[in-house]
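Heads up, the thing below is written out as structure tokens.
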Amino acid sequence: MGYDKVEIPPEGKSVTVLDEDADEFDVPETPIIPILYGDGIGTDVGPAAQSVLEAAAHATGRDVAWLRIYAGESAREKYDENLPADTVDAIREFRIGIKGPLTTPVGAGYRSLNVALRKRLDTYANVRPTYHLDGVPSPVSHPKKMDMVTFRENTEDVYAGIEWDHTDDDVERVREFIEDEMGYDDIIHDGPVGIGIKPITEFGTKRLVRKAIDYALERGRDTVTLVHKGNIMKFTEGQFRDWGYEVAEQEYGDEVITEDTLWEERDGDQPDNSVVVNDRIADNMLQQVLTRTENYDVLATMNLNGDYISDACGAQIGGLGIAPGANFGDALCLAEPVHGSAPKYAGQDKVNPTAMILSGVLLFEYMGWDDAASLARDAVEATIASKRVTYDLHRQIEGGEKLATSEFAAAVVENIETLS
Ligand code: NAP
């Protein structure tokens, strides 16, 4: 393997997932899975998820060799750098991985390591399924109606990192360019200014929308909704919508139809095994996920909208302790929970590891380990349904038993043994 800055799995387990040039996965019985605990509560939820995923793998006749990789605080402590090249290379080589949260300082300090990792791995689709597990308290009356998957573009938009601080000399050059050369001379107020750029490309949009439509077709989902604020940001978000429709109309034949075609030509009669593509303006979408929840399946959107909308969806199914996610590139999957590093709870063995476990479930599904994935998910659901839960759910469940992170993981492992 030739890595210095990772923790190699024990002898006898070093089986690579696939050869570097292969397009398809050929998953061995004992694959190496790179795991990055991350910052803050990452060191609580990481080991907890590992024990559950390992138990589900064992119960279905398999094994996992974990390769510990480092970024953020753990990498600074061990190697005096934020993101060792070995971390990126290991995920790239093994084509799979699971990571916990990484802290991003607000305002000053280093740029987001999450964004850097996504860019360097080109994991362009951040996929966040939101579905309700039995027994999870919810602020809405019918949480089972929430069953959406958000495909969030992961590499561009205002997250691209093209921005200038108000103290930076370059910001004045950018201002002059915008005002003098581009003619926008009455828009930016005088005085200090921070400026950021929002690139939305045809390439970035189309590959994201394609991934969302492919997913919907494979999983028998009815709709893909393009979410945008194109009424205001016409040339970025509006163009995202137009390029999204181009993919739908030009690349899929009869399998994919637009909402206009559905109503104008078919009187609302959707053909079997087809996907309808429609679009909604982002602010409306934030209320639609609450008021017309059952009408939506798969959402495809840009980086910032996707971040907001998936958290709003996540709130309906139990909050950040529950919501899983994964970053996909071409033949690459890096699973990660939606939540952050919640520094105030770090190291307390307190928070909910469900989001990290269910992110591992997504990874198992990607590897074709559907039976192990279902087993882990069912065991989490059975544990929560028996009211044995961590603090976040305990405060909302009458008569529940409050468990530590590690105790909750142990209870899920027990349920894996019972269910298998
Ligand atoms: P956060 O870490 O997600 O925490 C916000 C709140 O969500 C927590 O105070 C807690 O709420 C709840 N929560 C989060 N994870 C939970 C869990 N596993 N179990 C139970 N409750 C959980 O968000 P933040 O405070 O905005 O961000 C902290 C840092 O994380 C920032 O540096 C941010 O940049 C980073 N971040 C990283 C990622 C990533 O690595 N992918 C994602 C988001 C944020 P209560 O206190 O109400 O119980």
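The values are calculated or read from the model by the stated rules, or taken from the named source; none is laboratory data. As the structure is a computational prediction, the values presented were derived from the model and not from experiment. In this analysis, Cβ positions are derived from the backbone assuming ideal geometry, glycine residues included, and neighbour counts consider all displayed protein chains. To get the accessible areas, we keep the full protein, side chains included, count just its heavy atoms, and leave off ligands, DNA and RNA. Shrake-Rupley method; radii C 1.70, N 1.55, O 1.52, S 1.80 Å.
Let's see how each residue does on (1) away from the ligand (no atom under 14 Å from the Cβ); (2) under 16 Å from TYR215 (Cα atoms); (3) not polar (S, T, N, Q):
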{"position": "LEU286", "(1), (2), (3)": "yes, no, yes"}
{"position": "LEU304", "(1), (2), (3)": "no, no, yes"}
{"position": "ASN327", "(1), (2), (3)": "no, yes, no"}
{"position": "ASP330", "(1), (2), (3)": "yes, yes, yes"}
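Evaluate the following for GLU73: is it within 15 Å of the ligand (Cβ to nearest atom) and without any contact (Cβ under 8 Å) to a residue 40 or more places away in the chain?
Details: within 15 Å of the ligand (Cβ to nearest atom): yes; without any contact (Cβ under 8 Å) to a residue 40 or more places away in the chain: yes.
For GLU73, the condition - within 15 Å of the ligand (Cβ to nearest atom) and without any contact (Cβ under 8 Å) to a residue 40 or more places away in the chain - is met.
I'd like the residue in segment 355-402 that is among the hydroxyl-bearing types (Ser, Thr, Tyr) and without any contact (Cβ under 8 Å) to a residue 40 or more places away in the chain and, out of all such residues, is surrounded by the fewest Cβ atoms within 10 Å (Cβ to Cβ). Working first, answer last.
Initially, segment 355-402 is screened for residues among the hydroxyl-bearing types (Ser, Thr, Tyr), giving 359, 366, 374, 383, 386, 390-391.
Pick out the ones that are also without any contact (Cβ under 8 Å) to a residue 40 or more places away in the chain and you get 374, 383.
On the way: SER374: 16, THR383: 25.
For segment 355-402, the residue satisfying everything is SER374.
Considering (1) surrounded by 15 or more Cβ atoms within 10 Å (Cβ to Cβ); (2) away from the ligand (no atom under 16 Å from the Cβ), say which one ASN273 fails and leave the rest.
Going through (1) surrounded by 15 or more Cβ atoms within 10 Å (Cβ to Cβ); (2) away from the ligand (no atom under 16 Å from the Cβ) one by one, ASN273 breaks only (1).
Find the residue count for segment 301-316, including only residues that are open to solvent by less than 10 Å² (accessible area, probe 1.4 Å) and in contact with an Asp or Glu (Cβ under 9 Å, 6 or more places away or on another chain).
Number satisfying all stated conditions: 4.
What's the number of the only condition in (1) part of a loop (DSSP other than H, G, I, E, B); (2) open to solvent by less than 40 Å² (accessible area, probe 1.4 Å); (3) of a type in the set (Asp, Glu) that ASP134 fails to meet?
(2)
For segment 350-358, indicate whether the set of residues that are near the ligand (Cβ under 8 Å from one of its atoms), small (Gly, Ala, Ser) and touching a Ser or Thr at 6+ places or on another chain (Cβ under 7 Å) is non-empty.
No, because not a single residue in segment 350-358 is near the ligand (Cβ under 8 Å from one of its atoms), small (Gly, Ala, Ser) and touching a Ser or Thr at 6+ places or on another chain (Cβ under 7 Å).
Return yes when PRO143 is within 13 Å of the ligand (Cβ to nearest atom), farther than 22 Å from SER341 by Cα and open to solvent by 10 Å² or more (accessible area, probe 1.4 Å) and no when it is not.
Working: within 13 Å of the ligand (Cβ to nearest atom): no; farther than 22 Å from SER341 by Cα: yes; open to solvent by 10 Å² or more (accessible area, probe 1.4 Å): yes.
No; evaluated as a whole, the condition is false for this residue.
Checking LEU117 against (1) open to solvent by less than 40 Å² (accessible area, probe 1.4 Å); (2) among the hydrophobic types (A, V, I, L, M, F, W, C); (3) in contact with a helix residue (DSSP H, G or I) (Cβ under 9 Å, 6 or more places away or on another chain); (4) more than 23 Å from LYS211 (Cβ to Cβ): exactly one of these is not met. Which one?
Failing condition for LEU117: (4).
Give me a count of the residues in segment 337-349 that are near the ligand (Cβ under 10 Å from one of its atoms) and touching a residue at least 60 places away in the same chain (Cβ under 8 Å). Even if it seems obvious, please write down each step before you answer.
Step one: list which residues in segment 337-349 are near the ligand (Cβ under 10 Å from one of its atoms), which gives 337-346.
Narrowing the set further to residues that are touching a residue at least 60 places away in the same chain (Cβ under 8 Å) leaves 337-343, 345-346.
Of the residues in segment 337-349, 9 are near the ligand (Cβ under 10 Å from one of its atoms) and touching a residue at least 60 places away in the same chain (Cβ under 8 Å).
If you check LEU375, LEU363, LEU334, which single one turns out to be touching a strand residue (DSSP E or B) at 6+ places or on another chain (Cβ under 9 Å), in a helix (DSSP H, G or I) and more than 8 Å from the ligand (Cβ to nearest atom)? Give the steps one after another, and end with the answer.
Numbers: LEU375 fails: touching a strand residue (DSSP E or B) at 6+ places or on another chain (Cβ under 9 Å); LEU334 fails: in a helix (DSSP H, G or I).
Just one listed residue meets the conditions, LEU363.
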